[in-house]
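Contents: one structure, followed by commentary.
The values are calculated or read from the model by the stated rules, or taken from the named source; none is laboratory data. Worth saying up front: this structure is predicted, and the values here are computed from it rather than measured. All Cβ positions, even for glycine, are placed from backbone atoms using ideal geometry, and neighbour counts span all protein chains on display.
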Amino acid sequence: MPTTAPPIDLTGSTFLEQLHDGLPAVDLTSPFQIGREGKQPVTIEGRIALAPMAGVSVQAFRRQGRRFGASVVFTEMVSISGLHYANERTRDVLRIATDEHPIAVQLFGTDPVLMHDAAQQVAEAGADMIDINMGCPVKKVSKTGAGCALLDDQDTAVAVAKACADATNLPVTVKIRRGMANGSMDFLELGPRLVEEAGVSALTLHPRSAKQMYTGFADHALTAMLVERVDVPVFASGDITDRVRAEAVMALTGAAGVMIGRAAQGNPWVVRDLSTGTAVEPEPEERVAELVRFVREVVRELGEHRATGFLRKFYGWYLRGAAFGKSTRRDLMECETPGDVEAYLLEHWPAARERLDHLEATVRYPDDTDRVIELPVSAYGGG
């Protein structure tokens, strides 16, 4: 596709007009593989990836995503410098359980030597793939030269990715943006270099600039350009909010899969829609039951003290719509413990208890955690 191609605008219903009979059929449930020669290939049993999100993608979030139909999940990003230098005060535990596979652990940093060592530790922890963040626009990350800053330092970006790929036989994937500045096309140079020079096995493109953050819309005409230029799978990321858009993006771009991020925050039902085509708005009682179960799992994982602050952002994400209202969300923010949150919700929506009991009886996460590795907490301290 030429670089002058018009944007694929997914902001309204007009994108449907761009679909035509000549486009390939899309099957979001079909399997594919990630892994180049010399790497241990990973089979992905569908086309829906749950994005790595700092302060969000803890094990409870990933497991819920898998249960609702995500084909592959990513951890939140881990600093390679923190992993190398962390002491007991700053260390945390990354759990990888049997029901999470395939799973990619996301790393960020700029030192090839530290990246090599971190990749080996992650491989020993039981990851199926290693992902490198080269797109995070948050200043706390970019000011270190990592995340989106690597878009402006392509030689370092390639060196870091190559060090990671050389460290283990696991496939390495990289998530990038279009570039630092609005209108940038740097991804068209960096993407092929990561594949050809560094040996990366897959790419994810979020086709916004770092300057845009999450404003405007994701221009997936750029995704189509990247797909044409590399011979590895490309995940399309950005503004994937329902199955129609997912199928449209894949048909229009040739992407191997779609990565869902913010749309899945407190909303596992959108993952089910993407994976099965079942777009049914959950009843309030179902939202409450899933939230309480999520609260319990986060407490189990992080402990009550850390879980209390971590969970607050999820209340508004889960309890959307007129059935809850601002007063409910305000009351929950004032609860002192996760136990108080659970008690409040079940008191105000007692019918959710039956659904919750059914979840507890039928959704049994295995206790046999595959591996546990001590890792530093994420850059955001979210888990």
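Observations
- Set side by side, the residues 229, 300, 243 differ, and just one is modelled with pLDDT under 95, assigned by TED's automatic domain parsing to the domain that holds residue 134 and of a type in the set (Lys, Arg), which is 243.
- Set side by side, the residues 83, 28 differ, and just one is under 17 Å from residue 253 (Cα atoms) and either more than 20 Å from the chain's Cα centre (by Cα) or at pLDDT 90 or above (or both), which is 28.
- Only helices (runs of 4 or more DSSP H) whose full extent lies in the range 139-238 are considered here, and the ones with at least 3 residues that are charged (D, E, K, R) are 154-167, 187-196.
- Taken over the range 299-344, the residue count meeting the criterion of being at positive phi and outside any helix (DSSP H, G or I) is 2.
- Residue that is farthest from residue 231 (Cα to Cα), among those in the range 202-218 that are hydroxyl-bearing (Ser, Thr, Tyr) and out of contact with any helix residue (DSSP H, G or I) (no Cβ under 8 Å at 6 or more places or on another chain): 215
- Residue 71 vs. criteria hydroxyl-bearing (Ser, Thr, Tyr) and either closer than 14 Å to residue 265 by Cα or at pLDDT below 90 (or both): no
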